[in-house]
There are 2 protein chains.
Amino acid sequence: VKKKTTKTTPRIDLYYWPGIQGRGEFVRLALEEAGAPYRDVARTPGGMKAMMATLEGKDARGLRPFAPPFVKTGGLVIAQTSLVLHALAPRLGLVPEDEASRLAALQIQLTIADLAMEAHDVHHPISGGLYYEDQKTEAKRASRSFTKERIPKFLGWLESLLERNRASKHQYLVGRSLTYVDLSAFEIMSGLEYAFPRAMKRIEKKLPLLVALRDRVAARPRIAAYLASPRRLPWSTDDLLRHYPELDEA
Amino acid sequence: VKKKTTKTTPRIDLYYWPGIQGRGEFVRLALEEAGAPYRDVARTPGGMKAMMATLEGKDARGLRPFAPPFVKTGGLVIAQTSLVLHALAPRLGLVPEDEASRLAALQIQLTIADLAMEAHDVHHPISGGLYYEDQKTEAKRASRSFTKERIPKFLGWLESLLERNRASKHQYLVGRSLTYVDLSAFEIMSGLEYAFPRAMKRIEKKLPLLVALRDRVAARPRIAAYLASPRRLPWSTDDLLRHYPELDEA
């Protein structure tokens, strides 16, 4: 993947809930890796108000987003995390330009998004509108099959993609170089390791290629600098993935 | 949207669980509306075996799918329902060709897919690996906020998109003509009306444009013929959306 100079691209305005990594973090990592000129609007003065106005349909340009994250750039409003990445990646130099590669990347990203949603639903199995404390018993039940069956199934699938690519001497999820999907694989690993440290310690024993990819992503200069900066928010129990010890494996 | 002649397109092989509408139905409706040459492989002799082999990674071509539905066509293997539609729609004549329209359509489709997933999780809030009977109490709790808050929020958003388009004298979700997204809006309405008839009767009072769109889709000659055919499977309690009277509103 050839890196395009980001100076010629219009500024990207990212809108997402301030204070958490959440789904917005998949987009942030791509923008940071590309060194793209972007604003994290809801973290700027007046930014939350602007985000809510767009969500309420008060912005005449583009399609009204259903939920954050969304980006505004070059007159477009783009929502749905995976679609934001798909749309921005060519100009960020984070996906090969051919159609088959773009489809493969989006397919993997959508599956990582499904995993992120399931990970969220473990601590909110009854309703996103109720507190964790009001669905704690149910969450504990939900966590069992999630750590036992679902995480290994999703991450095992990613591992199998890396295994196949290794046969062609490639060490990334799509093609020969880093794409936004590798950054997202790092991010979901980061969240799962925070939320379910004991389960992940067990599961990762069978994922040598994915663990190595995670480490390679974390060591990239721009990503390492970002992770050490105040822009990278720590995980917390307000986030999409949450650490409640009672939901982890014994 | 100009209809392309489907005779020049290679055959599309759809792989999905036989016996249910599920996520595969979003793809089936697009193929039926376009009059595309397709095979519903898992409903043919030996088809289930072929589907499982691809899911297990025994097919060297293309990316190994994480889950059905997926399609094989022209050497590509494409999974993730919304991505299948995004990739096939230009040649089926079911999306305008400009990038902004394609992004808008996929954004709406992904949001409908989120709604479909939430609707599924209402009857399986704890785990997809357990029977409904083993999570019935939890499902009943989950159904309350789903019918009260989530369905109105999702469908109200679709209604607001139709309202905005009506200002430009357009009566579809994207652009001037029918797209795959309109077919998917019909399908999710169909599923929700089956699963939650009492709740939907209440909710639909505030959705005149969406209800009219649903009726217009159902009346299209190819869709009407499909719905009357044995290819259209009836909804059932084995499906993605399920009718359990105890989960509907009182």
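For segment A:110-119, what are the residues that are over 19 Å from residue A:31 (Cβ atoms) and within 11 Å of chain B (Cβ to nearest Cβ)?
Pass one, segment A:110-119, residues over 19 Å from residue A:31 (Cβ atoms): A:110-111, A:114-115, A:117-119.
Listed by number, the residues that qualify are A:110, A:111, A:114, A:115, A:117, A:118.
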Of the residues that sit in segment A:165-182 and are part of a helix (DSSP H, G or I) and not aliphatic (A, V, I, L, M), which one is surrounded by the most Cβ atoms within 10 Å (Cβ to Cβ)? A:180
For segment B:123-147, which residues satisfy the criterion of being under 23 Å from residue B:210 (Cα atoms) and either of a type in the set (Phe, Trp, Tyr) or in contact with a helix residue (DSSP H, G or I) (Cβ under 8 Å, 6 or more places away or on another chain) (or both)? B:143, B:146, B:147
Only residues that are of a type in the set (Val, Ile, Thr) and over 21 Å from residue A:112 (Cα atoms): list them for segment A:20-57, please. A:41, A:44, A:54
Which residues, counting only those in segment B:20-68, are touching a Gly at 6+ places or on another chain (Cβ under 6 Å) and within 12 Å of chain A (Cβ to nearest Cβ)? B:64
Which of the residues spanning segment B:37-72 are among the aliphatic types (A, V, I, L, M) and touching a residue at least 12 places away in the same chain (Cβ under 8 Å)? B:41, B:42, B:48, B:50, B:51, B:55, B:63, B:67, B:71
Per the filter on segment A:107-133, residues closer than 21 Å to residue B:130 by Cβ, free of Cβ contacts under 8 Å to residues at least 24 places away in the same chain and among the acidic types (Asp, Glu) are A:121
Check on residue A:149, surrounded by fewer than 22 Cβ atoms within 10 Å (Cβ to Cβ), farther than 25 Å from residue B:144 by Cβ and within 8 Å of chain B (Cβ to nearest Cβ): yes
Quick check on segment A:73-80. Is at least one of its residues in contact (Cβ under 8 Å) with a residue 24 or more places away in the chain and open to solvent by 40 Å² or more (accessible area, probe 1.4 Å)? yes
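Quick check on my filter: what residues within segment B:83-109 are assigned to a helix (DSSP H, G or I), more than 7 Å from every other protein chain (Cβ to nearest Cβ) and not β-branched (Val, Ile, Thr)?
Scanning segment B:83-109 gives B:85, B:86, B:88, B:89, B:90, B:91, B:92, B:99, B:101, B:102, B:105, B:109.
The values are calculated or read from the model by the stated rules, or taken from the named source; none is laboratory data. Please read these numbers as outputs of a predicted model, since none were measured by experiment. All Cβ positions, even for glycine, are placed from backbone atoms using ideal geometry, and neighbour counts span all protein chains on display. All accessible areas refer to the heavy atoms of the entire protein, side chains included, with ligands and DNA or RNA removed. Shrake-Rupley method; radii C 1.70, N 1.55, O 1.52, S 1.80 Å.
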